Amino acid sequence: MKVSVSILFFLVFIAIPASADESMEYLLASIDAGYQIPKDHITIARFRSLLSQLSNTFVENKQEIGDMTVFVQNSLRDEGIKESLLNIMEGMNQLFYTPVQDQNYSDYVSIYFFLRKKGLTHSDAILDLKALLQSFGIQ
């Protein structure tokens, strides 16, 4: 079985539970930056906010949302598509205008991946996801 370097990075860097000094939001911000950022970097607060909002919207917890987002980013990179974790999570956070119960982050981020792989831009993929939700009467 062939395992890519990005998957190994994911397994070593993210799948290990974050310590108090290395919170999920800190790890996500560092991965997004491509280096270990200062502990007071502004993006840490944004990732903290996004993780909180997304875990309130979707059934998955913060750890699962972070792990899935990194996995999708790495999968996109394997397809030659560069997208930041922040953009992916911001996009997923824009999908619902009103609370909807029992929604799976994994479903939406998977569809996002396939739309991007198909050639859509980030913005178009998010718009298509919103249109899909409207067509099902979810939003």
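The values are calculated or read from the model by the stated rules, or taken from the named source; none is laboratory data. Owing to the predicted nature of the structure, the values given are computational and were not obtained by experimental measurement. Cβ: placed from backbone, ideal geometry, glycine included. Neighbour counts: every protein chain shown.
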A careful count of residues in segment 88-120 that are among the polar types (S, T, N, Q), assigned to a helix (DSSP H, G or I) and more than 14 Å from Phe71 (Cα to Cα) gives 1
Residue pairs qualifying under the 7 Å Cβ cut-off, at least six apart or on distinct chains, with the first in segment 61-89 being free of Cβ contacts under 8 Å to residues at least 12 places away in the same chain and the second being among the polar types (S, T, N, Q), are Asn61/Ser55
Can you confirm whether Met68 is under 23 Å from Glu22 (Cα atoms) and surrounded by 15 or more Cβ atoms within 10 Å (Cβ to Cβ)?
yes
Scanning segment 121-139 for residues that are of a type in the set (A, V, I, L, M) and either buried (at least 16 other Cβ atoms within 10 Å of the Cβ) or part of a helix (DSSP H, G or I) (or both) gives Ala125, Ile126, Leu127, Leu129, Ala131, Leu132, Leu133
Those residues of segment 62-92 which are over 17 Å from Arg116 (Cα atoms), under 10 Å from the mean Cα position of the chain (by Cα) and not aliphatic (A, V, I, L, M) amount to Glu64, Gly66, Asp67
Residue pairs within 8 Å by beta carbon, gap of at least six or interchain, first lying in segment 103-120 and of a type in the set (Lys, Arg), second assigned to a loop (DSSP other than H, G, I, E, B), listed first then second, are Arg116/Glu79; Arg116/Ile81; Arg116/Glu83; Lys117/Glu79; Lys117/Ile81
When every residue in segment 93-120 that is of a type in the set (Ser, Thr, Tyr) and modelled with pLDDT of 95 or more is compared, the one surrounded by the most Cβ atoms within 10 Å (Cβ to Cβ) is Tyr112
Of the residues in segment 78-92, those that are more than 22 Å from Tyr35 (Cβ to Cβ) and either touching a Pro at 6+ places or on another chain (Cβ under 6 Å) or surrounded by fewer than 16 Cβ atoms within 10 Å (Cβ to Cβ) (or both) number 2
